[in-house]
Amino acid sequence: LFLAEPTLVLKLTSHPRPSVWLLFDGTDSMAIQDDLPETARRKLEAAAGMPSGDTSSTEPGRHARIEYVQSLLARHDDNLLARLEEKFRLKAFRFDRPDGVTTLKLSTVEGEPADPAALSPQLTTRGQVTALGAAFSDLSQRYATNNLAGVVVFSDFRHGIFNRDTI
């Protein structure tokens, strides 16, 4: 067998997983401990995966809004982050300022699966302005080339500047 000019043709097709952005509200309204009716509070605690009798809040039976989010992300059974990572590449951001977002680390080691223990301490409530429009504008400018499948927003959607003492 003689080949005059051997040619090798390789065709490589890449199908990267689409991205999902997790956008967390980092404003002080997320630190509010709502006075919910007992049945509503228990349903919310069950949905967020909070252990019954959890006393992490400053007032028994009341939890800050961000605590519900942190508990939802830390669920061992039916973990939201793990389910999303099966189909999507995740990026996390916090909006807590009027000019854009802060990128959050999903794990302590780059390329590793999302770790709620690494994400949770970054979910702060020090921001003063819920500027959701500015957050989306910043994201669209910085990450316009991503193959975006969706955005999951964790917020109470309160806007403006708040003083905790007046709420």
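The values are calculated or read from the model by the stated rules, or taken from the named source; none is laboratory data. Everything numeric here is computed off the predicted structure, so don't read it as measured data. All Cβ positions, even for glycine, are placed from backbone atoms using ideal geometry, and neighbour counts span all protein chains on display. For accessibility, only protein heavy atoms count, side chains too; no ligands or nucleic acids. Shrake-Rupley method; radii C 1.70, N 1.55, O 1.52, S 1.80 Å.
Filtered by the rule that a residue be in a strand (DSSP E or B) and open to solvent by less than 30 Å² (accessible area, probe 1.4 Å), the stretch 97-133 gives 100, 101, 104, 127. Taking the criterion of being open to solvent by 70 Å² or more (accessible area, probe 1.4 Å), farther than 28 Å from residue 78 by Cβ and in a helix (DSSP H, G or I), no residue of the stretch 1-46 qualifies.
Mind listing whichever residues of the stretch 134-156 are free of Cβ contacts under 8 Å to residues at least 40 places away in the same chain and in a loop (DSSP other than H, G, I, E, B)? Within the stretch 134-156, 144, 145 qualify.
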